[in-house]
Amino acid sequence: MTSPDDDPIEVSSPVCYAHEFEDYTRPPRLQSAELAAFLNVLLESERAGARVLARWCHEATPDAGVGPETLAAVRDDEARYCAGLTEHLQRLGAEPSHVTGRFYDKAMTISAWPDRLRFLDKGQSWVAREIRDKLPRIDDTALAAFLQEMLERHEHNLKLCAP
Ligand SMILES: [Fe+2]
């Protein structure tokens with residue numbers, strides 16, 4: 001009579017076929033026109049963010065919920081991403097947009113501080129979500145590293161400016 005304990009134990013690992021499916025499970029990479037359009041939307045959004053924060057950092061009242069130095073630091077980040085996105089677009093042979101995103105005009109209609117922070121949060125969250133969504137579809141190593149840093153910085157700034 002044998003017990004289950006007498007059964008031979010399988011010691012070798014099953015063959016892994018994952019590599020054969022890699023190309024099928026990976027989301028399709030962004031083609032150049034779609035990639036340029038995506039980077040230009042980000043550029044327009046960051047330009048709007050930089051312009052909004054350039055105004056708001058001089059208008060932070062004591063009850064704003066965030067200090068002028070913090071708003072100025074976020075403004076500088078937004079400006080740095082405008083420059084970086086422009087460089088990547090040029091390197092990839094695409095024309096950088098000179099448009100400012102509609103976020104700017106909408107933001108200029110908001111005067112109360114809690115509402116301003118809520119609107120900023122909405123815009124920055126949108127940017128973070130877009131990058132998180134598109135990153136797996138970007139092959140270009142330098143651009144992916146840039147966008148990863150941009151994503152992490154946005155996540156950091158979202159916490160700093162939480163409404
Ligand atoms: Fe931003």
(message) Checking K134 against (1) in contact with a Phe, Trp or Tyr (Cβ under 8 Å, 6 or more places away or on another chain); (2) farther than 16 Å from L39 by Cβ; (3) crowded, with 18+ Cβ neighbours inside 10 Å, only one condition comes out false. Which one?
(response) (2)
(request) Considering only region 61-163, give the helices (runs of 4 or more DSSP H) lying wholly within it that have at least 3 residues that are more than 15 Å from the ligand (Cβ to nearest atom) and of a type in the set (G, A, S). (result) 141-160
(request) Kindly list the number of the only condition in (1) of a type in the set (F, W, Y); (2) modelled with pLDDT of 95 or more; (3) over 21 Å from A142 (Cα atoms) that fails for Y81. (result) (3)
(message) For region 42-55, which positions are within 22 Å of the chain's Cα centre (by Cα) and more than 12 Å from the ligand (Cβ to nearest atom)?
(response) A54
(message) Name the residue that is farthest from E155 (Cα to Cα), counting only residues in region 109-125 that are surrounded by 13 or more Cβ atoms within 10 Å (Cβ to Cβ) and in contact (Cβ under 8 Å) with a residue 40 or more places away in the chain.
(response) W113
(message) Just to verify a result, which residue in region 145-163, among those that are of a type outside the set (A, V, I, L, M, F, W, C) and touching a Leu at 6+ places or on another chain (Cβ under 7 Å), is nearest to G84 (Cα to Cα)?
(response) Q148
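The values are calculated or read from the model by the stated rules, or taken from the named source; none is laboratory data. Computed from a predicted model, the values in this text were never measured in an experiment. Note that we place each Cβ from the backbone using ideal geometry, even for glycine, and neighbour counts take in every protein chain shown.
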